[in-house]
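Just so it is clear, none of the values below were taken in a lab; they were calculated from the coordinates. The model shown is predicted, which means the values in this text are computed figures rather than measured ones. Every residue, glycine among them, receives a Cβ derived from its backbone with ideal geometry; neighbour counts consider all protein chains shown.
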Amino acid sequence: MASPQFLGTYHATLDAEGRIQLPAALRDEINFRQPDFRLMATLDGDGSVCLRERADWERWTAGLLGAREPLRQQDRRTLLTVAAHSSPVKCDKQGRVRVSDALLRVLGLDRSQANAREVVLAGAFQEIRLWSAAGWEEFSASARDSLGSDLDELLSPDGLGSQRSPQVE
């Protein structure tokens, strides 16, 4: 099966039980009705909550855990923060996901308050990112401001952009 391609930006509302209805364009990319389907949610450094299919999450965490030996205090703190802010996500047959209240609160979302229920879902190729409306606006504006230079760096031959070593001739 091909990897999912989550694309686009969507607005949703937390229901009274804290569920988020995945838009059809995102639901169509995953087979959430298969018996072993599972998602994981993780707080990311950009301020979003990232949803990954369980297998992708396991590959991602394996990369984190194999990053350095021996671990420095900063590494242990980072890994603890990631682990403490990660949880399985329940997905029902209607394509609604239930992210933990603790992770939603980190985003400024709260199912018990009508003015804190608007969720922005952003496709990020193999991931879905969740934001509060205000968090998305702030991130999106900043990312758009630097998109040109960020793309130049990303597309440079070695992917390091300005961090490349000068060529010796």
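Considering amide H positions built from the backbone, and no H for Pro or chain starts, which residues 5 or more places from Arg96, or on another chain, come under 5 Å of its amide H?
HN-HN under 5 Å from Arg96: Leu22.
Apply the Karplus curve 6.51 cos²θ - 1.76 cosθ + 1.60, θ = phi - 60°, to the phi angles in the stretch 43-52 and return the couplings in whole Hz, x for Gly and Pro.
5, 10, x, 8, x, 9, 9, 9, 9, 10
Starting from the 7 Å offset along Cα-to-Cβ, what nm value, one decimal, do you get for the label separation of Asp158 and Ala102?
So the label points at Asp158 and Ala102 sit 4.2 nm apart.
About the Cα centre of the stretch 9-132, how large is the charge dipole given +1 on each Lys and Arg Cβ and -1 on each Asp and Glu Cβ? Please answer in debye to the nearest 20. Please report the intermediate quantities before stating the final value.
On the way: 19 positive and 17 negative charges, 49 e Å.
Roughly 240 debye for the stretch 9-132.
Can you work out ³J(HN,Hα) from phi for every residue in the stretch 145-154, in order, using Karplus 6.51 cos²θ - 1.76 cosθ + 1.60 and θ = phi - 60°, giving whole Hz and x for Gly and Pro?
Computed from phi, the couplings for the stretch 145-154 are 4, 10, 4, x, 5, 5, 5, 4, 5, 4 Hz.
Could you work out how far the C-alpha centroid of the stretch 99-120 sits from that of the stretch 48-90, in angstrom?
Result: 22 Å between the Cα centres.
Would you mind listing how long the chain runs along its three principal axes, going by Cα atoms, in whole Å with the largest first?
Principal-axis extents of the Cα atoms in the chain, largest first: 64, 37, 35 Å.
Considering amide H positions built from the backbone, and no H for Pro or chain starts, which residues 5 or more places from Arg38, or on another chain, come under 5 Å of its amide H?
Arg54
Using a simple spin-label model with points 7 Å from Cα along the Cα→Cβ vector, what separation in nm is obtained for Phe125 and His11?
2.9
Rounded to the nearest 0.05, what FRET efficiency is calculated for Leu151 and Arg54 with R0 set to 22 Å and r the Cβ-Cβ distance?
Working: r = 31 Å, r/R0 = 1.40.
My answer for the efficiency is 0.10.
Of all DSSP beta bridges in the chain, what percent run antiparallel (nearest 5)?
On the way: 29 of 29 bridges.
Taking every DSSP beta bridge with both residues in the chain, the antiparallel ones total about 100 percent.
Ignoring trypsin sites (Lys or Arg not before Pro) that are buried or in helix or strand per DSSP, and keeping those with at most 13 other beta carbon atoms within 10 Å, what is the longest stretch of the chain between them? Intermediate values should be presented prior to the final figure.
Values: sites that count: Arg33, Arg68, Arg72, Lys93, Arg164.
Maximal segment without exposed cleavage sites: 94-163.
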